[in-house]
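I have placed the structure first, in the form of structure tokens, so that the comments after it can refer back to it.
The values are calculated or read from the model by the stated rules, or taken from the named source; none is laboratory data. The structure displayed is predicted, hence computed values, not measured ones. Every residue, glycine as well, gets a Cβ built from its backbone with ideal geometry; the counts of neighbours run over all protein chains shown.
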Amino acid sequence: MASVVKNQGLAHAPISKVFSGRREDQTDSLAVEEPLEIRLGFPGGEGKAVSITMRTPGDDMELAAGFLFTEGIIHTPDQISQIRHIDTLDKDTQNTIIVELNGDIDIDLKRLERNFYTTSSCGVCGKSSIEALYSGHAGAQKIASNGFEIAADTIHRLPAILRTSQNVFEQTGGLHASALFDSDGKLEIVREDVGRHNALDKVIGAKFLAGEMPLNDKILLVSGRASFELVQKALMAGIPVLAAVGAPSSLAVELAEEFGMTLAGFVRNERFNIYTGGERII
């Protein structure tokens, strides 16, 4: 068969479709998956690799900034002097990106070494991430009770809005999505990726680079399950309400409860479960 033909986040491949006892040659659409190495650049020094993640190409600068922010490595956009791809011999791929920092930034290099390797399936995992959140070292703060509320009917509407905004998913069925809404259910931003954590980092990275942190009056909807890592990243951005189309994990519920976040799961078919923070849903 011919090779896969890629175009940004979408690819096409020849397939044989088998149905009703027949076999038919067709072309199928696929979500592109490629590695991205994120490097930190220091004035007067060499860049340091801090993450390798499998992602869907596109919005790489948002992904890099969101990852560094949600992992507590950088805290404000003015700590960044520039973000750029590093040229390689293969001009068709841009799979290394460097975030160059200003000179007066104090970076915990040992923390970077502990969290070096990530994948699209697990995010930054391990005991060190949990301990860092609970101790406050990563910068996560308890969600304040600022009177933010959302109507249950608004939550019911969110999955349909998200689905109509997932352009690549409609063609491939192979991408996760994260989206931010205001309290009235108006969609502000949506990003897709093969990795659920990458999709969220892209959303948070876009808002971070725009100087719009914290996101304490927003609702986050994720297309799959709610894992510990997604709650962790949402907490770093100060998001008070996280809704998931799928199920939450036990650790996600514990973390949301500990930090005062509203967590809803199984948001579909005009139903959902409230696991924590039910006082925000009216």
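Considering (1) in a loop (DSSP other than H, G, I, E, B); (2) surrounded by fewer than 17 Cβ atoms within 10 Å (Cβ to Cβ), the lone condition that E257 does not fulfil carries the number (1).
Of all residues in region 233-252, those that are in a helix (DSSP H, G or I) and touching a Leu at 6+ places or on another chain (Cβ under 6 Å) total 2. Those helices (runs of 4 or more DSSP H) of region 150-228 in which 3 or more residues are under 14 Å from the mean Cα position of the chain (by Cα) and either at pLDDT below 95 or within 30 Å of T27 (Cβ to Cβ) (or both) occupy 196-209. Scanning region 19-46 for residues that are of a type outside the set (S, T, Y), surrounded by fewer than 17 Cβ atoms within 10 Å (Cβ to Cβ) and out of contact with any helix residue (DSSP H, G or I) (no Cβ under 9 Å at 6 or more places or on another chain) yields a count of 15.
Residues in region 47-71 that are of a type in the set (G, A, S), in contact with a helix residue (DSSP H, G or I) (Cβ under 8 Å, 6 or more places away or on another chain) and within 13 Å of H85 (Cβ to Cβ): A64 only.
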